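The values are calculated or read from the model by the stated rules, or taken from the named source; none is laboratory data. In this text, all values refer to a predicted model and were calculated from it rather than measured experimentally. For neighbour counting, all protein chains shown are included, and Cβ atoms are generated from backbone atoms with ideal geometry for every residue, glycine included. SASA here: full protein model, heavy atoms, side chains in, ligands and nucleic acids out. Shrake-Rupley method; radii C 1.70, N 1.55, O 1.52, S 1.80 Å.
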Amino acid sequence: MSNQNFYVTTPIYYVNDKPHIGHAYTTILADVLVRYHRMLGHDAYLLTGTDEHGQKVQRAAEANAVSPIEHCDATVVRYKELWGRLDIRYDDFIRTTEERHKRVVRACLQRLWDKGLIYRSEYKGMYCVPCERYFMDKDLGVGGLCPDCGRKTDELLESNYFFKMSLYQDWLVEHIKTHPEFIQPAFRANETLGFLKKPLGDLCISRPKSRLSWGIELPFDSEYVCYVWFDALLNYVSAVGYLSDDALFKRHWPASFHLIGKDILTTHTVYWPIMLKALDIEPPLSVFAHGWWLSGEAKMSKSTGNVASPIDLIDIYGVDAVRYFLMAEMTLGQDASFTRDGLSSHYHFKLANDLGNLVNRVVCLGLKHFDGAVPPAGAATEPEVELKGVCMEAVKSMRSAVESMRLNQGIDSVLCAVRAGNKYIEQTAPWKLAKSQNMDRLATVLRTGAECLRVVSILLNPVMPSKMSDLRAILGIDPAAPVDFASAGIWGLYSDSAVMPKGSKILFPLVAEPVEPEATKPPSKDKAVVVKTPEPAAPEGVILSIEEFQRVKLKTAKVLAAEKVAGADKLLRLDVELGAESRQIVAGIALHYKPEELVGRTIIVVANLKPAKIRGLESNGMLLAAKSGSALRLLMVDSGCDIPSGSSVG
Ligand code: MSP
């Protein structure tokens, strides 16, 4: 399988837009797929970039009194920075304003012109300025509105250049029917075939410079620039050496997957393959259209302000948890609902509770009883055989999930292995083995747990590269060593020389979350708690050992001062005293307590929680509260008692 080409692309994003969770999703998906394919030994390559021509950019530049290219240079960094923060390792980033791209667009236009596939004609029709598209009367929406964005269209009469797309309609229908993998998922192929039931018109590929000058000039008429979609689609070939580097082009083309959102299906499954056919270039192997991320149940839109910002989420949960959530939550092809609650519960239940707990149990006991160097496993008994079976099933399932673009199913199967790992630990009760000094059996149990985690760290590596590298370090595996998929399928590779280091950080610490109402949260679920702790474990779930519980330091704290946080209805900022130490804690309790009610009271806090930033304020600790429905009361120590602040609770 080595050297198999895997060339994946994302749409090139409008440089004007502020990147949001939808853009982040496609690009993370591409990155995750490329990382899996690399682990499988394939020649994987990821292209992304920005779409920089067109009326919207020209107008935004005018509004800012800068040139269009200055405007693009200033805004493109938003994407580049975000991809950096999201740990996306693209191989190339193409901007449609780069000379290497413009050269190819001009050459393609010239070639089509020379072949007689472009002609000039009068155009009279309706035009949507925001979408930069013409529509025939029959294609307009109700009341003559744009069928795509629903906005008013303007009548336009002008002379333009047209690409003879209609010539290729029969070829395209045949291609789609004979290549079921070309448009995925299959129901999207039916959508395109449905569209192709009507006669296909020719494509207007020019805009007169009198109306729009920010574009690539037509090589055969300097009064016109190229239609932005015709220009943009060509990025997929201009970036990989088409007409400039034959060897590179041969290495990557045809693309394995163009990943797109469902709204740009027609441009990618009608215009693009026909453009390629007319240019005598092979079509891509697959165009995969994913669904939309909705904000709760509603469409995300800038005007309603319900667009989730990836940066805010990374700041709270960390980049890997955001990547994990997006990959685990969306069934590829379908729409998915994005809510802060959804992300929080994935984080706390699946990552912190299920996975974090297994790591904690194996490593704590390994350190305590073997100084981190757990001896090799003895003979496998029924529970070991069972756990191995579930882990190997997860390997198979992940492999086929990658091949069939069902990543969420693969991730589910890995989480199944994690839960099986926890069940195994409960069944074999290593703490009892330690108590009875059954060290051989204890070693077997801990080695088996470590082996399960080693496999998990490989299978989830593309989704959470940094956390899985941390996990390998916690297990005593060299995090710098290359990770290959095949080694996940071989049970028993946890090395005899691995030593779990002391003092590793907790992989998924509990997260303090601000609770001000925000865009990604449905208003009906307005919970007024600052910190989400996992619900009590499900019956077959996690039972904490006393050692584990003792790692949480609960202490009494005296409230010295309290005040509302400006601009956040639900937040109070407290200064508390823990013995000799004083700290700031930000808590979502303002709807339940007035600041003055708290000053002088002694409350209970989790004292060894990683500090978090809430509304830009550092919060160093978590208050304990009881909650029922909308009521919330803090746990407090009786007034007038002789327990000083900083005393241990537990
Ligand atoms: N510039 C064109 C693409 C040209 S590709 C040759 C474009 N850009 S875009 O910035 O508007 O959109 C880029 C992608 O983001 C599209 O695939 C679109 O589907 C996707 N998304 C925008 N909002 C989205 C969600 N809410 N959810 C998921 N993806 C969404 O179109």
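Scanning the stretch 568-582 for residues that are closer than 11 Å to LYS558 by Cβ and within 35 Å of the chain's Cα centre (by Cα) yields a count of 1. Per this entry, LYS18 is counted among residues that are out of contact with any Pro (no Cβ under 9 Å at 6 or more places or on another chain), touching a residue at least 12 places away in the same chain (Cβ under 8 Å), among the basic types (Lys, Arg) and within 13 Å of the ligand (Cβ to nearest atom).
Residues are listed down the side, and each one gets a yes or a no for (1) open to solvent by less than 30 Å² (accessible area, probe 1.4 Å); (2) under 19 Å from ALA30 (Cβ atoms); (3) away from the ligand (no atom under 16 Å from the Cβ):
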site: ASN235; (1), (2), (3): yes, yes, no
site: ASP246; (1), (2), (3): no, no, yes
site: HIS252; (1), (2), (3): yes, yes, yes
site: ILE260; (1), (2), (3): yes, yes, no
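Here the condition is being under 28 Å from the mean Cα position of the chain (by Cα) and over 19 Å from VAL402 (Cα atoms); of ALA443, ALA488, ALA481, ALA434, it holds for ALA481 alone. Among the residues of the stretch 271-286, the ones that are within 12 Å of the ligand (Cβ to nearest atom) and open to solvent by 10 Å² or more (accessible area, probe 1.4 Å) come to 1 in all.
When ALA289 is tested against the conditions (1) under 15 Å from LEU47 (Cα atoms); (2) within 12 Å of the ligand (Cβ to nearest atom); (3) not in a helix (DSSP H, G or I), the lone failure is (1).
Residues that are of a type in the set (Ser, Thr, Tyr), surrounded by fewer than 21 Cβ atoms within 10 Å (Cβ to Cβ) and in a helix (DSSP H, G or I) within the stretch 344-384 comprise SER344, SER345, listed in sequence order. Of all residues in the stretch 584-624, those that are in contact with a strand residue (DSSP E or B) (Cβ under 7 Å, 6 or more places away or on another chain) and in a strand (DSSP E or B) total 16.
Counting only residues that are open to solvent by less than 10 Å² (accessible area, probe 1.4 Å) and within 13 Å of the ligand (Cβ to nearest atom), the stretch 297-313 holds 2 of them. Of the candidates LEU172, LEU140, LEU156, the single residue that is in contact (Cβ under 8 Å) with a residue 60 or more places away in the chain and either open to solvent by less than 50 Å² (accessible area, probe 1.4 Å) or farther than 30 Å from MET300 by Cα (or both) is LEU172.
Close contacts from the stretch 328-357, counting a first residue that is under 22 Å from MET405 (Cβ atoms) and within 13 Å of the ligand (Cβ to nearest atom) and a second that is among the β-branched types (Val, Ile, Thr) and assigned to a helix (DSSP H, G or I), with Cβ to Cβ under 8 Å and a gap of 6+ residues or different chains, come to PHE338/ILE21. Each residue in the stretch 395-423 was checked for being touching a Gly at 6+ places or on another chain (Cβ under 8 Å) and closer than 20 Å to ILE477 by Cβ, and 3 pass. The single residue among LEU276, LEU259 that is modelled with pLDDT of 95 or more and over 22 Å from ILE21 (Cα atoms) turns out to be LEU276.
For beta carbons closer than 6 Å, sequence separation of 6+ or different chains, a first residue in the stretch 269-286 that is in a helix (DSSP H, G or I) and a second that is among the polar types (S, T, N, Q) and away from the ligand (no atom under 13 Å from the Cβ), the qualifying pairs are THR269/THR192. Of note, GLU191 does not satisfy the criterion of being in a loop (DSSP other than H, G, I, E, B), acidic (Asp, Glu), over 18 Å from CYS128 (Cα atoms) and under 37 Å from the mean Cα position of the chain (by Cα). The condition (being open to solvent by less than 10 Å² (accessible area, probe 1.4 Å) and more than 10 Å from the ligand (Cβ to nearest atom)) is satisfied by just one residue among VAL8, VAL66: VAL8.
It is to be established whether one or more residues within the stretch 36-43 are in a helix (DSSP H, G or I), closer than 16 Å to VAL237 by Cβ and more than 12 Å from the ligand (Cβ to nearest atom). No, the conditions are met nowhere in the stretch 36-43.
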